[in-house]
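To start, the structure itself, in structure tokens.
Computed from the coordinates by the stated procedures, all read-outs in this text should not be read as laboratory data. Keep in mind the model is a prediction, meaning the values are calculated, not measured. Positions of Cβ are generated from backbone atoms using ideal geometry, with glycine treated the same way; all protein chains shown enter the neighbour counts.
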Amino acid sequence: MAETEFNLGRINEVVAAAVPDHEALVWGDVRLTFAQLAERSRRLASFLAGRGLGLRQERSGLAGHQSGQDHLALYLYNGNEYLEGMLGAFKARVAPFNVNYRYVREELEYLLHDAGTAAVIYHATFAPVLAEVLDAVPTVKVLIQVADASGYPLLEGAVDYEEALAGSDPSGPDVEPSPDDLYILYTGGTTGMPKGVLWRQHDIFVAAMGGRGMGSAEVVAGYEALAERAPNGAFLRFLVLPPLMHGAAQWVSFTALNSGGTVVMPPDTRRMDADEVWDTVSAERTLAMSVVGDAMVRPLVDALEARPREVAPLASIVSGGAPLNPSLKERLTELVPTLVIADAVGSSETGAQMSHVSSRGSVSSGRFTPGPGTKVLDEALERLLEPGHEGIGWLAQEGYVPLGYLGDQDKTARTFPVVGGVRYAVPGDRARLLEDGQIELLGRDSVTINSGGEKIFAEEVERAIGSHPDVADVVVVGRASPRWGQEVVALVRPAAGSTPDAGALIEHASGGLARFKLPKEVIFLDHIERSPSGKADYRWAAAQVGTG
């Protein structure tokens, strides 16, 4: 029997019909049931279609780097409008994409131009920056402004978000969304220019949005099976902390929604207040929390140590995009002994790939259990490597992978090579497939430091330095060296109230690193630049040491 293929907009309608009164989203005073979320997104879809937006060409006639749909920019902080924007676009056969809200004028102009943007939904606070770039992006025809405390008036030609919904048909437009319709995710641009990754909606649903059963490689049998499982999702309450402009946050949110669960956001989504987060966990009885790396988790641990409180039924914390330091995991599991902590590995180009699970008394890092389709390819991208292979390979993903990069045929061919007749996604992470079948993740090749002929992976050094209790945050980067070609430099933000010694940090790291990997210098800073999602900004780091 042929596999059912899924469209994300239709999934939402099927789940909403099965559990109309279940809470779909909780954000401060905003509480939306599945029926309400579905209707609001249909209204947005009607508005977009009424402005002439939608499908231009069916997928079958296009190459992997091409799009046949209009594109909607989501220039927003977290809130119900973000998820409504995605769902409304899907139901109108418009392709939404994420915008990094920290971008300055030149970066925003590049992104909107690169995407061939037709419409923008934006918070009013971003109106002044958006206004500066619109003349340079003539493809933008529709502006939808979400009111906020900034009080900025509507841009010329813009319509208020709530007015747009109120005046639109609640039944949605007369279109038939397809599994081939696009889900677009722009990369973070922390190591190079952002690129739009093009996914078929069916493929991203299976790869990262709940299309497989929990802990299973089997794809959900069909829409009827989705409806049958939705009533069991009432207890799945996911607190989402990273910005929804980050893929991992979108994937967790849609995994919850596609399962009949609830997306919970803290009242203030423009900055993270650790005490407010824990208060939300307690008040909303969340089962799981989504985070990104040490920079997000450290203040949470500090706050819970300073003011212990009941956080049941919180059972798991999932870190996507950046594995957590073992020392932080140990502190957290001491505070919440029943907690399971999962480091999840994936990328914009692969979806969810593998994970590592820690619990009290069993904390480690760096080795991961591969998920379905996760492989390691050899250096030359010519063959699959076997467990226990010599040397270093490329982390790869087969099966449900993207179509390509928007508008970039060459990079599409490089990142999605065909090896042995199988098409893989190979975004640039280096890895080893160990004897026991686990994968040791070494780090992204683009931030590898070549020192004296040896490859040093920045993430490996960051883990070693970051495990020191006096380190609040660390980013490692290479700097030009007349002797070594490149040398390792660590940028460190000290923990509050501490004044760490550079020599002591290097000595601490030497317990787990070969000497050639140790930093030649430690630079102490009051601030480490990261993306809104918590990922290290290596372009910024390189500039701090004079190599940017």
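For region 289-299, backbone phi angles converted through the Karplus equation (6.51, -1.76, 1.60; θ = phi - 60°) give residue-by-residue couplings of 10, 9, 9, 9, x, 4, 4, 8, 7, 4, x Hz, Gly and Pro being listed as x. The order of the peptides 411-424, 82-95, 318-331 by mean Cβ neighbours within 10 Å, most packed first, is 82-95, 318-331, 411-424.
Summary of the geometry: region 81-120 and region 260-307, compared by the centres of their Cα atoms, lie 27 Å apart. For residue 261, nonlocal amide neighbours, meaning residues 5 or more places apart or on other chains whose placed amide H falls under 5 Å from its own, do not occur. The angle between the Cα long axis of helix 80-92 and the longest principal axis of the Cα atoms of the chain comes to about 60 degrees, rounded to the nearest 10. Based on Cα contacts under 8 Å between residues 6+ apart, the chain shows a relative contact order of 12 percent.
Express in nm, to one decimal, how much length is gained between residue 338 and residue 283 on full extension, taking 0.36 nm for each residue of separation and deducting their alpha carbon distance. That pair, residue 338 and residue 283, stretches by 17.9 nm at full extension.
Annotation: peptides 164-177, 486-499, ranked by per-residue average of other Cβ atoms within 10 Å with the highest first, follow the order 486-499, 164-177.
For residue 481, the amide hydrogen comes within under 5 Å of the amide hydrogens of 486, 487, counting only partners 5 or more places away or on other chains and with H modelled in the peptide plane. Computed about the Cα centre, the dipole magnitude for region 131-184 is approximately 140 debye when only Lys and Arg (+1) and Asp and Glu (-1) carry charge, each at its Cβ. Peptides 180-188, 520-528, 98-106, 114-122, ordered by how many other C-beta atoms sit within 10 Å of their residues on average, highest first, read 180-188, 114-122, 98-106, 520-528.
Taking a sphere under 14 Å around the Cβ of residue 104 and counting the other residues whose Cβ falls inside, with K and R at +1 and D and E at -1, yields a net charge of -3.
For residue 429, the amide hydrogen comes within under 5 Å of the amide hydrogens of 395, 445, counting only partners 5 or more places away or on other chains and with H modelled in the peptide plane. The charge dipole of region 290-372, taken about its Cα centre with unit charges on the Cβ of Lys, Arg, Asp and Glu (plus for the first two, minus for the last two), comes to roughly 120 debye. When semi-axes √(5λ) of the Cα gyration tensor in Å is calculated directly from the model, which label among [x] 46, 25, 22; [y] 41, 30, 23; [z] 36, 26, 25 fits? Step by step, semi-axes √(5λ) of the Cα gyration tensor in Å for this structure corresponds to label [z]. Rounded to whole numbers, the Karplus 3J(HN,Hα) couplings from phi for region 379-394 are 4, 8, 6, 10, 7, 6, 8, 8, x, x, 4, 7, x, 10, x, 10 Hz, using 6.51 cos²θ - 1.76 cosθ + 1.60 with θ = phi - 60°, and x at Gly and Pro. For the chain, lysine pairs with C-alpha atoms less than 23 angstrom apart, excluding pairs fewer than eight positions apart on the same chain, total 12. Between the helical axis of 34-50 and the longest alpha-carbon principal axis of the chain there is an angle of about 70 degrees. About the centre of its Cα atoms, region 452-544 shows a dipole size close to 300 debye [charges on the beta carbon of Lys, Arg (+1) and Asp, Glu (-1) only; nearest 20 debye]. Relative to the longest principal Cα axis of the chain, at what angle does helix 8-18 sit, 0 to 90 degrees, rounded to 10? Rounded to the nearest ten degrees, it is 70. Of all beta bridges that DSSP places with both ends in the chain, some 60 percent have antiparallel geometry. Here the Karplus relation 6.51 cos²θ - 1.76 cosθ + 1.60, evaluated at θ = phi - 60°, turns the backbone of region 503-519 into coupling constants of x, 5, 5, 5, 4, 4, 5, 5, x, x, 10, 5, 4, 5, 8, 6, x Hz, with x for every Gly and Pro.
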